[in-house]
1. Do any residues in the range 87-103 that are within 15 Å of Ala38 (Cβ to Cβ) have Cβ atoms under 7 Å from those of residues that are aromatic (Phe, Trp, Tyr) and open to solvent by less than 70 Å² (accessible area, probe 1.4 Å), where the two are at least six apart or on different chains, and which pairs are they?
2. Which ones in the range 50-94 are in a loop (DSSP other than H, G, I, E, B), within 14 Å of Gln40 (Cα to Cα) and open to solvent by less than 30 Å² (accessible area, probe 1.4 Å)?
3. Please count how many residues of the range 109-122 are in contact with a strand residue (DSSP E or B) (Cβ under 8 Å, 6 or more places away or on another chain) and open to solvent by 40 Å² or more (accessible area, probe 1.4 Å).
Amino acid sequence: VCQLKVLDELKLYFMKQVYTLMLGLLVLTASYATTITAVQSNNWSDKASWDLNRLPKNGDTVLIPVGFTVTIDKNDNLNNVVIIVSGDLQLDNSKLKLDRDSKVIVETTGKITGQNNKDQISIDGVLKFSGTQGTQTGYSYADTSTGSSPNGFVMGTLPVHFTSFFAKRSGTEVVLNWSTSEEKN
């Protein structure tokens with residue numbers, strides 16, 4: 001029972017850390033930018049796709065909610081943007097070039113897909129996503145601190161699959177032991 005309690009407390013601790021980070025990023029970006037939200041599944045270049053009836057522009061926070069698919073259907077260059085994908089972002093023979101002050105966040109419900117090598121997302125000239133690498137799921141993010149495709153996005157949670165996790169009291173201390181079957185990066 002004690003072991004389960006420690007495990008539950010550790011899970012809760014890690015989840016709080018992840019949610020605090022996500023909330024902090026959202027609050028920070030929302031305080032400095034105009035938020036533009038997709039209101040229908042449609043093309044990026046169609047003003048009717050967006051709640052402000054305009055295309056995303058420099059300085060925006062771009063939200064793609066759960067249940068919506070936005071297709072980037074033309075090349076676009078943006079500066080100082082945060083793109084938060086909770087739904088689907090698809091690239092269709094297009095490139096999205098972002099500057100060094102930009103960030104792309106893929107929430108746990110979101111994904112980015114492309115068809116071929118022409119489908120690209122780059123930040124500060126570094127390729128972060130290519131359509132040939134498959135689907136990018138979340139929670140993950142890309143910015144200037146992350147690598148290049150196919151590792152342009154990094155996971156925001158623990159990138160491991162635990163097969164066992166044990167806690168044992170040893171005097172006044174607790175000894176933790178675990179094993180994993182899969183580790184990424």
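The values are calculated or read from the model by the stated rules, or taken from the named source; none is laboratory data. Predicted model, so just to flag it, every value in this text is computed and none were measured. Ideal geometry is used to build each Cβ from the backbone, glycine not excepted, and the neighbour counts take in all protein chains shown. Remember, those area values only see protein heavy atoms, side chains included, never the ligands or the DNA or RNA. Shrake-Rupley method; radii C 1.70, N 1.55, O 1.52, S 1.80 Å.
1. Partner pairs satisfying both residue conditions: Gly87/Phe68.
2. The answer is Ser86, Gly87.
3. 5
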